[in-house]
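What follows is a single structure, written as structure tokens, with notes after it.
The values are calculated or read from the model by the stated rules, or taken from the named source; none is laboratory data. Because the structure is predicted, anything quoted here is derived from the model rather than measured. Please note: Cβ atoms are built from the backbone with ideal geometry, for glycine as well, and neighbour counts cover all protein chains shown.
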């Protein structure tokens, strides 16, 4: 279906309109959902648009015009309504962070495609391959916080959900025909149970690539540079990387420039030097003099844990290659680490570490236990424990 033949999407920007939409959505058993944020255009990103599609219509909700999304909470939380996303993890994070929304019943078309072994799983790629539909991705990095949104942006947004229900049906049929529907179901449950619970916030300087190799004094300088950049980005309402990127922060930390000419030699633009040059040099100076940072000291895992993690990693990689899927489909990384920590001795112990995963337990449970019992794993010294957790 060509975009110009579609009726216009329904714009929702008032409490009354939101309540009417919630009542309409509550009548369906499957709803396609997507979100748009402004992460590339603001210091603190926020959810700027929510798209819904049913078999009847497409809807665009403007959360910037609404105080909350309370009328939609029962829809998302209803286990009888399947919410169909593509690459749900980030959408769930934004929905929970900004509006406290959690999802009870999830179908993720990207994860379904990964379980089926597709290499290209972007929405545009999978729609073209499965349904012969070409999407224009021109506005993928647009500023969705701007208002009013252009007609082209509105149409782009609605198309991200308009075909999702058809794609969902197509992928479900293929999952069933290939004997992977049960695996997909438990993977959707795992993702839904996460419901946007991302990693806790860590200091900006700890997220800079390459900082792990810095001396304590260099880390102290980097900390001052990151603190300056955060303050500047917040003042300008821009993402920190648009003030100055991590690569140049690392170069500044390594070379300790003393003049604006030194900054130019590191690749800073004339505009950056004019606006930020003096503040950057001051931050370097503060970092040279301030008490050195307390570098976070990670607990060193014991050798038995590392041995178990290694054999589990090799097993899931080999099993993924044999099955034709990526290794995390066989055993998600967080489960693999937890299993290596706890060292389960039987299927009941293993089941407690892999909740709501009956298919994986049936298919791989005995293999996992056999891998853990391999003679190549060294005996663990009784005085040591794995990652602060006692082995079972």
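Scan the range 355-371 for residues that are at pLDDT 95 or above and closer than 14 Å to residue 334 by Cα and the total you get is 1.
Quick grid of which residues meet (1) under 30 Å from residue 178 (Cα atoms); (2) out of contact with any strand residue (DSSP E or B) (no Cβ under 9 Å at 6 or more places or on another chain):
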{"site": "17", "(1), (2)": "no, no"}
{"site": "24", "(1), (2)": "no, no"}
{"site": "64", "(1), (2)": "no, no"}
{"site": "75", "(1), (2)": "no, no"}
{"site": "84", "(1), (2)": "yes, no"}
{"site": "119", "(1), (2)": "yes, yes"}
{"site": "124", "(1), (2)": "yes, yes"}
{"site": "127", "(1), (2)": "yes, yes"}
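When 158, 147, 168 are checked against the criterion of being part of a loop (DSSP other than H, G, I, E, B) and in the same structural domain as residue 51 (by TED's automatic domain parsing), 147 stands alone in meeting it.
Checked against the criteria, residue 167 counts as crowded, with 19+ Cβ neighbours inside 10 Å and closer than 23 Å to residue 6 by Cβ. Quick check on residue 60: is it under 23 Å from the mean Cα position of the chain (by Cα), part of a helix (DSSP H, G or I) and on the phi < 0 side of the Ramachandran plot? The answer is no for residue 60. Quickly run through the range 11-23 and pick out the residues that are assigned to a strand (DSSP E or B) and over 27 Å from the mean Cα position of the chain (by Cα). The one that is assigned to a strand (DSSP E or B) and over 27 Å from the mean Cα position of the chain (by Cα): 11. Of the residues making up the range 212-231, those that are crowded, with 19+ Cβ neighbours inside 10 Å and either touching a residue at least 60 places away in the same chain (Cβ under 8 Å) or more than 16 Å from residue 285 (Cβ to Cβ) (or both) number 8.
Set side by side, the residues 8, 74 differ, and just one is outside any helix (DSSP H, G or I) and more than 30 Å from residue 245 (Cβ to Cβ), which is 8.
Could you tell me whether any residue of the range 24-34 is within 22 Å of the chain's Cα centre (by Cα), assigned to a helix (DSSP H, G or I) and modelled with pLDDT of 95 or more? No, there is no match, as no residue in the range 24-34 is within 22 Å of the chain's Cα centre (by Cα), assigned to a helix (DSSP H, G or I) and modelled with pLDDT of 95 or more.
Applying a threshold of 6 Å to beta carbon distances and a minimum spacing of six or more residues, or different chains, the list of pairs starting in the range 78-94 at a residue that is farther than 15 Å from residue 32 by Cβ and ending at one that is modelled with pLDDT of 95 or more reads 79/104; 79/105; 94/35; 94/37; 94/47.
Need pairs with beta-carbon distance below 6 Å; first residue outside any helix (DSSP H, G or I) and within the range 174-187, second surrounded by 16 or more Cβ atoms within 10 Å (Cβ to Cβ); sequence gap 6+ or separate chains. From residues that are outside any helix (DSSP H, G or I), the pairs are 180/115.
Name the residue that is nearest to residue 189 (Cα to Cα), counting only residues in the range 336-355 that are surrounded by 15 or more Cβ atoms within 10 Å (Cβ to Cβ) and touching a residue at least 24 places away in the same chain (Cβ under 8 Å). Only one residue tops the list, namely 336. Identify all residues within the range 281-335 that are in a loop (DSSP other than H, G, I, E, B) and surrounded by 15 or more Cβ atoms within 10 Å (Cβ to Cβ); write none if there are none. Listed by number, the residues that qualify are 293, 301, 302, 325, 326, 331, 332. Checking 149, 183 one by one, the residue that is at pLDDT 95 or above, over 25 Å from residue 83 (Cα atoms), surrounded by 19 or more Cβ atoms within 10 Å (Cβ to Cβ) and touching a helix residue (DSSP H, G or I) at 6+ places or on another chain (Cβ under 8 Å) is 149 and no other.
Residue-by-condition table, conditions (1) in contact with a helix residue (DSSP H, G or I) (Cβ under 8 Å, 6 or more places away or on another chain); (2) within 30 Å of residue 206 (Cβ to Cβ):
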| site | (1), (2) |
| --- | --- |
| 300 | no, yes |
| 309 | yes, yes |
| 314 | no, yes |
| 334 | no, yes |
| 341 | yes, yes |
| 362 | no, no |
| 367 | yes, no |
| 370 | no, no |
